Amino acid sequence: MPTLHVTNGRVLHPDHSITASDVLIDQSTGTIERVADPAEIEATAEETLDAAGGLVVPGLINAHGHAAMTLLRGYADDKPLDAWLQEDIWPVEAELTAEDIRIGTELAAVEMIRTGTVGFADMYFEEPHVAGVVEASGLRALLGHGFVSVGKDEEDAREDLETSVNFAAQYDGLAGGRIATAVMPHSLTTVNEELLREAVERARDADVPVHIHANETEDEVAPIVDERGIRPLEYAEDLGLLEDGDFLAHCVHVDDEEIERLAASDATAVHCPASNAKLASGIAPVADLLDAGVTVGLGTDGAASNNDLDMFDEIRDAAMLGKLGADDAAAVPASAVVRMATEGSAAALGFDSGRIEEGANADLAVVDLDAAHLTPEHDLVSHLAYATTGQDVRHTVCDGQVLMAEREIQTLDAAAIRERAQEQAEELVARVA
Ligand SMILES: CSC[C@H]1O[C@@H](n2cnc3c(O)ncnc32)[C@H](O)[C@@H]1O
Ligand SMILES: [Zn+2]
């Protein structure tokens, strides 16, 4: 059985203690075989990664996003969600080709691997092409075709739902189990009730979860309250949502009753602090969600509303905004945000990852601590939350495969992808002009 030996480093354990330990990985199963004192692991592995001066952490998981929107990074900024989508994003997305999406997703994969992210959720279009990039890059992902019904006739909207269901049914478990899927209606206001009900029912039949944007802005909550006399998450539950495996992006404007409803359910929330701040959508009540017992993951959302896919940035933003929102510097501490990007996101996507522990998926990153901004070492969990950036990542491993060694991506040609993405993005916006 081929093995990978991560040596000479310190390991962040699930209880957030840190010890000088080696990690032995069984590459045939893609799982962690041993985490032990270096003296206890023989140097006989086929492959070795040197983690000297580094901290071995669970690979980060980006639990909500639209990967190919990297091509739209910096294309339209400084607007609120509705205007941004309707005036800028949806017109340019109408011109997207499958090749644009493939290249944009490759660019996202390069950025994610470079910054220690090993898994991501993607709600977008042309998902078979996204799956191809996942296969080639070695990343882990939960993918779904996103669909709306607003602005479409009945037949087109229904066809879009069929695409979402068929993709989810056909691609679940591919890439050696690294691909999972979900049915992905865009939101509670952009998909009509009939199609939402059908989407949930069809997802249950296909035994896949549902992923949806929920309670992102006040403007999205108000029409549901006005038309139905109930809050969005009561509506969601009535639609059959909030079951085990379902995960909701944003949950910014949730009231106490909705937080309780979410806590009592088996669904999870994905916090996207940078996107919520940039679009001025609001500050999610993360401290309240965590206090109520909701499982909270972390996501960047698309690169057009963030504007990067660095999950270390997101961790820091989650802590900062969590404190500001709660008006309490003690709220959402370092350990909580690190857990959000690891265990929380893994739980949201149903991955057995997010922890350096025997039996878990061998998904990890090695953070190089040899840097002025990470000196002195009073508390390394504090450094992960407040001082580390994605550029500090030295190695990235997913499913036991080395995706980046010594800051060099192994599975993709990063320079060629960047060059191609620049050309592809220029051609895309030229088609809209
Ligand atoms: C139907 S595929 C996904 C759809 O969502 C759009 N999108 C990107 N960011 C956000 C966001 O923060 N809230 C809502 N929708 C968003 C994306 O552009 C696609 O059209
Ligand atoms: Zn989104």
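The values are calculated or read from the model by the stated rules, or taken from the named source; none is laboratory data. From a predicted model like this one, the values you see are computed outputs, not experimental measurements. Quick reminder, even Gly has a Cβ in these numbers, built from the backbone with ideal geometry, and neighbours come from all protein chains shown. These area figures cover heavy atoms from the full protein model, side chains too; ligands, DNA and RNA do not enter into them. Shrake-Rupley method; radii C 1.70, N 1.55, O 1.52, S 1.80 Å.
The number of residues in region 169-224 being in contact with a Gly (Cβ under 8 Å, 6 or more places away or on another chain) and assigned to a helix (DSSP H, G or I) comes to 5. Residue 136 falls short on exactly one of the conditions (1) in a strand (DSSP E or B); (2) within 14 Å of residue 105 (Cβ to Cβ); (3) hydrophobic (A, V, I, L, M, F, W, C); (4) open to solvent by 10 Å² or more (accessible area, probe 1.4 Å), and that condition is (1).
Residue by residue through region 299-345, note down the ones that are more than 23 Å from residue 124 (Cβ to Cβ) and either not assigned by the TED database to the domain that holds residue 256 or not in a helix (DSSP H, G or I) (or both). Those that are more than 23 Å from residue 124 (Cβ to Cβ) and either not assigned by the TED database to the domain that holds residue 256 or not in a helix (DSSP H, G or I) (or both): 327, 328, 329, 330, 331, 332, 333.
Checked against the criterion of being open to solvent by less than 10 Å² (accessible area, probe 1.4 Å) and of a type in the set (Val, Ile, Thr), region 141-159 has no qualifying residue.
For region 248-269, a residue qualifies if it is part of a strand (DSSP E or B) and in contact with an Asp or Glu (Cβ under 9 Å, 6 or more places away or on another chain), and the qualifying residues are 249, 250, 268. The condition (being surrounded by fewer than 24 Cβ atoms within 10 Å (Cβ to Cβ), over 30 Å from residue 88 (Cβ atoms) and not assigned by the TED database to the domain that holds residue 71) is satisfied by just one residue among 380, 364: 380.
Just one of the numbered conditions (1) assigned to a loop (DSSP other than H, G, I, E, B); (2) farther than 15 Å from residue 4 by Cα; (3) not acidic (Asp, Glu) is not true of residue 420: (1). Between 297, 293, 302, 354, which is within 16 Å of ligand 2 (Cβ to nearest atom), modelled with pLDDT of 95 or more and farther than 24 Å from residue 77 by Cβ? Exactly one residue qualifies, and that residue is 297. Every listed requirement among (1) within 14 Å of ligand 1 (Cβ to nearest atom); (2) touching a residue at least 24 places away in the same chain (Cβ under 8 Å); (3) of a type outside the set (A, V, I, L, M); (4) more than 30 Å from residue 58 (Cβ to Cβ) is met by residue 145 save one, (4).
Residues of region 316-342 that are surrounded by fewer than 20 Cβ atoms within 10 Å (Cβ to Cβ) and in contact (Cβ under 8 Å) with a residue 60 or more places away in the chain: 335 alone.
Restricting attention to region 112-133, does a residue exist that is touching a Ser or Thr at 6+ places or on another chain (Cβ under 8 Å), of a type in the set (A, V, I, L, M, F, W, C), surrounded by fewer than 23 Cβ atoms within 10 Å (Cβ to Cβ) and assigned to a helix (DSSP H, G or I)? Within region 112-133, none of the residues are touching a Ser or Thr at 6+ places or on another chain (Cβ under 8 Å), of a type in the set (A, V, I, L, M, F, W, C), surrounded by fewer than 23 Cβ atoms within 10 Å (Cβ to Cβ) and assigned to a helix (DSSP H, G or I).
For (1) without any contact (Cβ under 8 Å) to a residue 40 or more places away in the chain; (2) away from ligand 2 (no atom under 15 Å from the Cβ); (3) open to solvent by 10 Å² or more (accessible area, probe 1.4 Å), each residue gets a yes or a no:
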| position | (1), (2), (3) |
| --- | --- |
| 168 | no, yes, no |
| 180 | no, yes, yes |
| 187 | yes, no, no |
| 194 | yes, yes, yes |
| 197 | no, yes, yes |
| 204 | yes, yes, yes |
| 254 | yes, yes, yes |
| 264 | yes, yes, yes |
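Of the residues screened, residue 232 is not one that is more than 16 Å from ligand 2 (Cβ to nearest atom), more than 20 Å from the chain's Cα centre (by Cα) and in the same structural domain as residue 188 (by the TED database). Apart from one condition, residue 245 fits all of (1) assigned to a loop (DSSP other than H, G, I, E, B); (2) buried (at least 22 other Cβ atoms within 10 Å of the Cβ); (3) not aliphatic (A, V, I, L, M); the exception is (2). Going through (1) closer than 19 Å to residue 339 by Cα; (2) among the hydrophobic types (A, V, I, L, M, F, W, C); (3) within 16 Å of ligand 2 (Cβ to nearest atom) one by one, residue 212 falls short only on (1). Residues that are among the aliphatic types (A, V, I, L, M) and either assigned by the TED database to the domain that holds residue 298 or out of contact with any His (no Cβ under 7 Å at 6 or more places or on another chain) (or both) within region 383-400 comprise 384, 385, 393, 397, listed in sequence order. Summed over region 282-293, residues that are touching a residue at least 40 places away in the same chain (Cβ under 8 Å), at negative phi and open to solvent by 10 Å² or more (accessible area, probe 1.4 Å) total 4.
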